[in-house]
Every structure is written in structure tokens, then in C-alpha cells.
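Step one of this worksheet: look at the structure below.
The values are calculated or read from the model by the stated rules, or taken from the named source; none is laboratory data. Every value quoted in this text rests on a predicted model; they were computed, and no experiment measured them. Counting neighbours? That spans all protein chains shown, and the Cβs are built from the backbone with ideal geometry, glycine included.
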Ligand SMILES: NC(=O)c1ccc[n+]([C@@H]2O[C@H](COP(=O)([O-])OP(=O)(O)OC[C@H]3O[C@@H](n4cnc5c(N)ncnc54)[C@H](OP(=O)(O)O)[C@@H]3O)[C@@H](O)[C@H]2O)c1
């Protein structure tokens, strides 16, 4: 190696280890639509891992009831208060109510790290199939509706049944995490990693969220055929 090579190497910052993730244990996680299966399951798993969680609902009373049922220090509030009081806000409402919910919470969600896990799906006699939102994906719709928020997408491929089953110790799956800013996707990967068995893997920018959201239609087919609650693993990383 020449002295010029040495100088060039010295000037280059060391490549960051992609598995070096921030500590998110002190952040408050809100779950919009947290009274449903997916939201309740995520709230349960995160609270069980020691995270402070607030369940959101269109009706504060429903959220408080769900929170009491979960215990573990989980609180309930209406969606607006849930968004206001949280650092990270998971969107777990049905696709039908996605745009309207986010439009109404634009102010409360300003500056927040938003994690969209919504899968736009249709169902007919042949089973589940992916819908194609005008914006490209649910996550891109969220980003368009929330220009002042940091929108990411993750937690699409989880089984709400397994999440809510207290006898299941580990959730055996990877979580694909998408977003525009590395600092934000790192935070979401770290959050996924709080749940035993789960690992957050960076999977690209929001323009590639449609495939990730759509893949749930395939997983539903797998689950029906094999009577399973399938997860996903990304190999060689
Ligand atoms: N279930 C799964 O296994 C799973 C896995 C991965 C991702 N997801 C995604 O997570 C989201 C939630 O799934 P889920 O099965 O939990 O759905 P869900 O039970 O049908 O709905 C979740 C909650 O959203 C609220 N909600 C219902 N309709 C709404 C509307 N029109 N506008 C605003 N809020 C509404 C309800 O809470 P309140 O009435 O209390 O407001 C409901 O409890 C979906 O987008 C789904 O694609 C689900």
C-alpha cells in the first residue's frame, strides 16, 4: 500500500455496522387502532418487552378497556391523544380507514416517527389479493398525507394470533423495515428487535413498500393451505 492509499483510507470514515442500532427502550410507542388484533398484539409484545405503550382508538373508552385487559402498564387514549403523547406511532387501522385517520391526525403526528403496517388487500372467492393504492402503497399514502412526519413502514407480515398468544415466548420472524431516512429505519429496526425472536431488516425506500404490503396476500394463502401462522426470514444477512 502506498502512502497515498494510506492517506485516502485515513480520510474515509469507517463503514458503520448495519446491525449497530440505537437504544429505543425509553421511547413511548403509540398504536393507532390498537384495539384491533394487530394493534393489540403489537402493543402486548412491546409492553412485554418493557416498552411504554399507549393504545389509541376512535373511542377513548374502548382504548382504556383494551389497555386494562393487556396490563403491563399499557395506557389507552383516543387516537389524537395517543399520537400526541407518543414518540413512535404505529398505524394499525384497516386500509378502509387509513387516509381518513391520518388526515385527521396530521397536526398530532407532526415530527413523529410513524410506522405504517397497513396491508391494502381485497378478498374474493379466490382468496386474498393485493390492492394498488393510487399513491403506490399505504406507506406512500401516509407519507403524502403527513408531510411533517417521518413515515416508515414495517410489521406487515406478523400473525396477530401469535402476537396475542401469551404462551408463545418468541415471534420467529424478520420484519422488513422501509423508509427514507436511515436514522428512522434504524429506530424501527431496533424497536422490532425488542421483541424476542424478531429482527428488523432494512428493506428499502417507501417506493418499494407495495411489494412488502402485497406479500401478505401470499402469506394468507400459505396460512390457509398449511394451517399455519407463517412469518418470513431474510437469509444471508
Ligand atoms: N391482523 C393481522 O394479522 C395483521 C398483520 C399485519 C398487518 N395488519 C394490518 O394492520 C391493520 C389492522 O389490522 P386488524 O386486523 O387489527 O384490523 P381491525 O381489527 O379490523 O381494526 C383495527 C382497529 O382499527 C379501528 N378501526 C376500524 N375501522 C376503522 C376506520 N374505518 N377508521 C379508523 N379506525 C378504524 C378499530 O378500533 P376502534 O374502533 O377502537 O377505533 C379496530 O379495532 C390492517 O391495516 C392490516 O392490514 C394486520
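Against the numbered list (1) touching a strand residue (DSSP E or B) at 6+ places or on another chain (Cβ under 8 Å); (2) closer than 25 Å to residue 185 by Cα; (3) more than 9 Å from the ligand (Cβ to nearest atom); (4) not in a helix (DSSP H, G or I), residue 77 comes up short only at (2). Scanning region 172-185 for residues that are within 16 Å of the ligand (Cβ to nearest atom) and under 13 Å from the mean Cα position of the chain (by Cα) turns up 174, 175, 176, 177, 178.
Which of the residues that make up region 113-132 are under 13 Å from residue 209 (Cα atoms) and within 12 Å of the ligand (Cβ to nearest atom)?
115, 116, 117, 118, 119, 120, 130, 131, listed by residue number.
Filtered by the rule that a residue be in contact with a helix residue (DSSP H, G or I) (Cβ under 7 Å, 6 or more places away or on another chain) and assigned to a strand (DSSP E or B), region 118-141 gives 121, 127, 128, 129, 130.
Exactly one residue among 188, 222 is at negative phi, modelled with pLDDT of 95 or more and within 13 Å of the chain's Cα centre (by Cα), and that residue is 188. The number of residues in region 147-171 being under 18 Å from the mean Cα position of the chain (by Cα) and either within 15 Å of the ligand (Cβ to nearest atom) or crowded, with 21+ Cβ neighbours inside 10 Å (or both) comes to 17.
When 59, 83, 49, 67 are checked against the criterion of being out of contact with any helix residue (DSSP H, G or I) (no Cβ under 7 Å at 6 or more places or on another chain), surrounded by fewer than 21 Cβ atoms within 10 Å (Cβ to Cβ) and either free of Cβ contacts under 8 Å to residues at least 60 places away in the same chain or more than 23 Å from residue 198 (Cβ to Cβ) (or both), 59 stands alone in meeting it. Within region 91-112, the set of residues being assigned to a loop (DSSP other than H, G, I, E, B), surrounded by fewer than 21 Cβ atoms within 10 Å (Cβ to Cβ) and within 14 Å of the ligand (Cβ to nearest atom) comprises 94 only. Note on region 19-62: residues that are touching a strand residue (DSSP E or B) at 6+ places or on another chain (Cβ under 7 Å), outside any strand (DSSP E or B) and away from the ligand (no atom under 15 Å from the Cβ) amount to 3.
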